[in-house]
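> There's a structure below that I have some questions on.
The values are calculated or read from the model by the stated rules, or taken from the named source; none is laboratory data. Since this is a predicted model, take the numbers as computed values, not measurements. Don't worry about glycine lacking a Cβ; one is built from the backbone with ideal geometry, like all the others, and counts go over all protein chains shown.
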Amino acid sequence: MESAQHNPWKTLSTEKKYENPWISLSESQVLNPSGNPGIYGVVHFKNRAMAILPLDDDYNTWIVGQYRYTLNSYEWEVVEGGCPLNEDILEGAKRELKEETGLEATSWEMILESQLSNSVSDEIGYSYVAKGLTLTDSEPEETEQLQVRKLPFNELFEMAMRGEIKDGLSLATIFKAKLLILEGKL
């Protein structure tokens, strides 16, 4: 019996089908785990995803509302953004927090590394909790029209439980932070 960690896929060829400044799409001709021919498309991200949960001493946090073009809907999320592959992950998180909220933090803790959609994408997400907060001016990118909201963390958790937060990286960050808070680790 083969190890469960053995790769049962065989790649015959791979071709890049599309590319822009943020992603590329490749299509591979494969033999699937049953040995039959097939195709597999993969979206390759040129950034790593960042999620930042700022927490003040009273366990208030800040979330960001914005229109998400891909889903044609307005969404509330934790602070998120992209970190180019050549940028330090923590520096990317610091940049995103300042850009979107104007907050700067003196204490940073990575609480989660996650695969965001591993059946079609190689995108990796990193979640941080930021503390020791100071408010400065935000610097949103030209593609961002953001609304920033301050609220108690428990209210954010309840929003997630009610389905008012739908973004996967936001949910993973919120739920992991809640567990860490309950364990007294945040």
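> Taking only the stretch 65-114 into account, find how many residues are under 15 Å from the mean Cα position of the chain (by Cα), closer than 24 Å to Glu158 by Cβ and among the aliphatic types (A, V, I, L, M).
5
> Now a separate question. Scan the strands (runs of 3 or more DSSP E) fully inside the stretch 91-180 and keep the ones with 2 or more residues being small (Gly, Ala, Ser).
Answer list for the stretch 91-180: 103-115, 124-135.
> Among the residues in the stretch 134-154, are any under 20 Å from the mean Cα position of the chain (by Cα), of a type in the set (S, T, N, Q), within 16 Å of Leu97 (Cβ to Cβ) and at pLDDT 95 or above?
no
> Here is a list: Gly82, Gly38, Gly65. Which entry is outside the structural domain of Tyr128 (by TED's automatic domain parsing), in a strand (DSSP E or B) and not β-branched (Val, Ile, Thr)?
Only one candidate passes the filter, namely Gly38.
> Further question on the same structure: Does Glu75 count as outside any strand (DSSP E or B), touching a helix residue (DSSP H, G or I) at 6+ places or on another chain (Cβ under 9 Å) and closer than 30 Å to Gly132 by Cα?
no
> Further question: When you scan the stretch 96-109, do you find a residue that is loosely packed, with under 13 Cβ neighbours inside 10 Å and of a type outside the set (S, T, N, Q), even just one?
No, the stretch 96-109 has no match at all.
> Now for a different question. Looking at Pro21, Pro8, which is the one that is over 15 Å from the mean Cα position of the chain (by Cα), free of Cβ contacts under 8 Å to residues at least 60 places away in the same chain, assigned to a loop (DSSP other than H, G, I, E, B) and surrounded by 10 or more Cβ atoms within 10 Å (Cβ to Cβ)?
Step by step, each of Pro21, Pro8 is checked, and only Pro8 is over 15 Å from the mean Cα position of the chain (by Cα), free of Cβ contacts under 8 Å to residues at least 60 places away in the same chain, assigned to a loop (DSSP other than H, G, I, E, B) and surrounded by 10 or more Cβ atoms within 10 Å (Cβ to Cβ).
> All but one of (1) out of contact with any His (no Cβ under 9 Å at 6 or more places or on another chain); (2) acidic (Asp, Glu); (3) within 20 Å of Asn20 (Cα to Cα) hold for Asp57; state the number of the condition that does not hold.
(3)
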